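Okay, so here's the structure we're looking at.
The values are calculated or read from the model by the stated rules, or taken from the named source; none is laboratory data. These figures come from a predicted structure and were not determined experimentally. Backbone-built Cβ (ideal geometry, glycine too); neighbour counts: all protein chains shown.
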Amino acid sequence: MYKLNEIVPVQLAPENSSPEKIKPLTTKLALRIKKENGSEVLIYNGINNYILQAVLKELFTDVL
């Protein structure tokens with residue numbers, strides 16, 4: 001069977017030109033890792049577990 005696609009008119013509602021200012025979420029520092037070569041990694045609360053695991057594996061591959 002053949003189905004004919006229909007065109008439907010859509011009207012978008014105008015948005016407010018000056019939306020209320022939303023206070024950005026503040027993130028707290030959970031961990032700071034400094035290595036001997038001077039590099040530094042800052043990890044904040046709320047980080048995704050998978051990203052945290054990947055970063056820690058990368059940092060500590062040469063330790064073991």
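Data overview
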| read-out | value |
| --- | --- |
| Filtered residues of region 17-36 (kept if outside any loop (DSSP other than H, G, I, E, B) and either aliphatic (A, V, I, L, M) or modelled with pLDDT under 65 (or both)) | 29, 30, 31, 33 |
| Selection count where residues are loosely packed, with under 10 Cβ neighbours inside 10 Å and charged (D, E, K, R), scope region 35-44 | 2 |
| Filter result for residue 56 (among the hydrophobic types (A, V, I, L, M, F, W, C) and modelled with pLDDT under 85) | no |
| Filter result (surrounded by fewer than 11 Cβ atoms within 10 Å (Cβ to Cβ) and not in a helix (DSSP H, G or I)) within region 45-59 | 45, 46, 48 |
